[in-house]
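Single-structure report; data block below.
The values are calculated or read from the model by the stated rules, or taken from the named source; none is laboratory data. Note that the structure is a prediction, hence the values are computed from the model and not measured. Please note: Cβ atoms are built from the backbone with ideal geometry, for glycine as well, and neighbour counts cover all protein chains shown. Note: accessible area is taken over every heavy atom of the protein model, side chains too, but ligands, DNA and RNA are not part of it. Shrake-Rupley method; radii C 1.70, N 1.55, O 1.52, S 1.80 Å.
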Amino acid sequence: MEKPILQPRFKDAPHFRNFWETGNGKSLIEFSGAEVNFRDFDKFSHYYYDVDEIGDGVVKDVYFTQSFPEASKQIETYIRNGITENDKIPESTRSLFEQTQTIPEWLDHDLIKSGAELCMRCNVDSLISLRDYCLIGGYDYAYLNKPLIATEALKKGAVKRLSETLDFWVNVTRTDSLLIHQKGYEFAIKTRLIHSYARLSIKKHYKDWDTENWGEPINSWDMMATYIGFSLVFLYSLHKLGNTFSEKEEKGLFHLWKYVGYLLGIPEDLLPNDKKQATEYFYLWTSVQPPSDKDSILLAHSLLNESLENPILKFSFQRRNLRYLHICCTWFLLDDEVCERLEIPKVKYKNLFPKSKQLFNKIYESLLSREVQIKKGNKDQMKVLNDYLNITKNSNFH
């Protein structure tokens, strides 16, 4: 079947123009020095109908030919031990591991280390940025969320979803974790195959999938946008919360996510090297996305109410307070227009906590050495992750 020709269909729509002319998009352009236009639109837009064929092949050849636990065990063995020429494995599996075990010429381990250290050094602000800006802001792009709705992610619940995102993010952002056979590398490969499994399941079972408008499920262009969320949007959020970073740390963050994207099977053309490129790529992608719909609002509210459902905090007043703080950060980090579309509750003194974070970060960075910040950040982030993993393991969040 011939692929549809995509146009920047929302480039004149109010939500697109407001974001890029007066909202956070304008701030991203100023932050990055980007030059935004539609000259390269056709160079990228065909990726809306492009998917990870190698990952899909592995799912068809390995996961669809035996039980899920058997398939997972087989793949885990290859992740941990690698493959040899003598292994009798499907061609798709050989292609996957040959690609991911080939170190690209551009890879710089020292830069990746700097990016990982920035993620750890910014401690809880990194987790605030992920949750209250990257994740919830992503819900404003209606078509991007369609795979979540199709796979009934809302039924799974926000605690479980957040736990999985946190598990992935923490494991790929530790020092040396992306080396072949290490834990971050393992998470990247498993996540890649989860995406393929979900995509093939959607195509098989979800008869109402609108490929022309929504693109292929979990397509390469949407994947690019997601990973720009983890790099550009994340970095801007840290900056907005008053964190500072060196040029090397900033470059390192983009390099880290470029390599994670490579392991996940995102075409290299779509992986930006710096904030200027990322903003220019993101601009083009947003022109094909309509604003929030009713599903977006359900996803956003599910995430907001996660604090109330999550038993990590013992008392209900603590949970209500945590939800209030997340709402304050969401209003502070996102555009008011986006918050209104997502029907984020209005609260009193919403800037008090984020503004105090800015002040705290100035003092924190002046008092503690970079090494101490990294060590403390890693410890605190691992504690949050372990709390989530224990909750999801020992409860009814499934």
Extreme residue, most open to solvent (accessible area, probe 1.4 Å), among residues of the stretch 1-56 that are of a type in the set (A, V, I, L, M) and farther than 30 Å from residue 193 by Cβ: 5
Residues of the stretch 73-104 satisfying the condition of being open to solvent by less than 50 Å² (accessible area, probe 1.4 Å), in a helix (DSSP H, G or I) and in contact (Cβ under 8 Å) with a residue 60 or more places away in the chain: 75, 79, 96, 99, 100
Qualifying residue in the stretch 273-286 (condition: in a helix (DSSP H, G or I), among the basic types (Lys, Arg), touching a residue at least 24 places away in the same chain (Cβ under 8 Å) and farther than 30 Å from residue 387 by Cα): yes
Helices (runs of 4 or more DSSP H) enclosed by the stretch 107-194 - at least 2 residues per element that are without any contact (Cβ under 8 Å) to a residue 12 or more places away in the chain, open to solvent by less than 40 Å² (accessible area, probe 1.4 Å) and hydrophobic (A, V, I, L, M, F, W, C): none
All positions within the stretch 266-283 that are within 19 Å of residue 51 (Cβ to Cβ) and open to solvent by less than 20 Å² (accessible area, probe 1.4 Å): 266, 270, 271
Matching residues in the stretch 269-280 - criterion: being within 13 Å of residue 43 (Cα to Cα) and of a type in the set (D, E, K, R): 269, 280
Unmet requirement for residue 252, which otherwise passes all of (1) within 26 Å of residue 22 (Cα to Cα); (2) touching a Leu at 6+ places or on another chain (Cβ under 6 Å); (3) crowded, with 23+ Cβ neighbours inside 10 Å: (1)
Subset of the stretch 197-244 (residues that are open to solvent by 10 Å² or more (accessible area, probe 1.4 Å) and β-branched (Val, Ile, Thr)): 211, 218, 226, 233, 244
Positions within the stretch 305-326 being within 20 Å of residue 135 (Cα to Cα) and touching a residue at least 60 places away in the same chain (Cβ under 8 Å), in sequence order: 305, 306, 309, 310, 326
Number of the condition not met by residue 202 [criteria: (1) closer than 30 Å to residue 394 by Cα; (2) within 19 Å of the chain's Cα centre (by Cα)]: (2)
Residue within the stretch 207-214 that is part of a helix (DSSP H, G or I) and in contact with a Lys or Arg (Cβ under 8 Å, 6 or more places away or on another chain) present: yes
Selection within the stretch 30-56 - over 19 Å from residue 288 (Cβ atoms) and in a helix (DSSP H, G or I): 30, 31, 32, 53, 54, 55, 56
Enumeration of residues in the stretch 299-328 that are outside any helix (DSSP H, G or I) and acidic (Asp, Glu): none
Among residues of the stretch 354-371, those that are open to solvent by less than 70 Å² (accessible area, probe 1.4 Å) and either hydroxyl-bearing (Ser, Thr, Tyr) or assigned to a helix (DSSP H, G or I) (or both), counted: 8
